[in-house]
1. Carbon and sulfur atoms: what percent of the 1.4 Å accessible area of the chain do they account for?
2. So which trypsin sites (Lys or Arg not before Pro) in the range 115-212 pass both tests, a DSSP loop state and at most 14 other Cβ atoms within 10 Å of the Cβ?
3. Along the Cα-to-C-beta direction of Cys36, a point sits 7 Å from the Cα; which residues of the range 86-103 have their amide N less than 16 Å from that point?
4. By a straight-distance test (C-alpha under 14 Å), which aspartates and glutamates pair with Lys172 as possible cross-link partners, with residues fewer than eight away in the same chain excluded?
5. Give me the 1.4 Å probe accessible area per residue for the range 112-228, excluding ligands and nucleic acids, in Å².
6. Using θ = phi - 60° and the Karplus form 6.51 cos²θ - 1.76 cosθ + 1.60, what ³J(HN,Hα) does each residue of the range 92-105 get, whole Hz, x for Gly and Pro?
7. What is the local net charge at Lys207, summed over the other residues whose Cβ is closer than 12 Å to its Cβ (Lys, Arg +1; Asp, Glu -1)?
8. In nm, to one decimal, how far is the Asn64 label point from the Glu23 one, both placed 7 Å along Cα→Cβ?
Amino acid sequence: MNQPIIISLGGSLIVPKDGIDIEFLKKFRAAILLLCRQGFRFILICGGGTTARAYQGAAKKLINPNQKMLDLLGIEITHINAHLVRLIFGRAAHPEVVKDPTKKLNFQEKVLIGAGWKPGCSTDYNAVLSAKTYGAKKIINLTNIDYLYDKNPTIYKDAKKIKQIDWPGFRKIVGNKWTPGANTPFDPIASRSAQKLKLELILANGKKLENLKKIIRGDKVFIGSLVR
C-alpha cells in the first residue's frame, strides 16, 4: 500500500469561534475522498484549536490549573474533534481514533484519524511521531492562514511573509517551550523532533482545498510555506 500522507488538521478549522464549520468539513471530506480514489492514503491528526483554548481559559478563571491539567483538558477536546472527523469519513476511515502515534497499525482503510496523546506538547507532535512511525518524510500542517510570517500578522501590520525557511530559522520563530493553548505556526516540541528527523513541513491554509490537492499531488507551485 502507498505510504500515508500525514496532515495536522488545526482544531480551529474544525471548530472556529462561531461553531462547527459544517461547510468546511463537507468540502474537506469531499477533497480527501477524491484523493483517496486517486490512490492516496491519509493520517489526519486533529487539533483542539479555539475550543481547547476556550476550555483552558475557563479553567484559568475558575481555578489555578497547572500545565498538565491544561494539557489534559486540551487533549480531551482533540478527541471530540477527531471523533467527529472520523464519523464524517464513514467506512473510508479506520473505526477507532488513534491516540498513541508510536504504535504502528496495519490499517486497511484509506484514512486514519488521530488525536492528542500525552501532556507536554500539541497534536503537531503526534503528527511528527506518526511520520516517524509510518516512515513519512513530510507533514502538511493546515491552519487558517496562507503562509508563515516572521511575527503574528494579526498583531503586527509589518509582519513579513516567509515562503521557505530552514529548521534553525523556523525554530527561532516558534521558540523552544510549549505552552498549553499556544497559537504558534507549529508546536516547538514538534519542531525540534521534526528537525532531528529531517522532515519537511508544509504550512498552508486548510480552507484552500484546491491548493491542498496541489500540495498532496506534489506540485512545486502552491500557496504556503516550506520548512526543511
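1. 53 percent
2. Loop-located and lightly packed - Lys137, Lys151, Lys157, Lys160, Lys163, Lys177, Lys198.
3. Of the residues in the range 86-103, 86-98 have backbone N under 16 Å from the label point off Cys36.
4. Asp150, Asp187
5. Heavy-atom accessible area per residue stands at 50 Å².
6. Computed from phi, the couplings for the range 92-105 are 6, 9, 4, x, 10, 7, 8, 10, 10, x, 8, 9, 7, 9 Hz.
7. On the way: positive: Lys27, Lys208; negative: Asp21, Glu23, Asp146, Glu210.
Once positives and negatives cancel, what remains is -2.
8. For Asn64 paired with Glu23, the spin-label model returns 4.6 nm.
The values are calculated or read from the model by the stated rules, or taken from the named source; none is laboratory data. Please read these numbers as outputs of a predicted model, since none were measured by experiment. Backbone-built Cβ (ideal geometry, glycine too); neighbour counts: all protein chains shown. These accessible areas exclude ligands, DNA and RNA; they are computed on the full protein's heavy atoms, side chains included. Shrake-Rupley method; radii C 1.70, N 1.55, O 1.52, S 1.80 Å.
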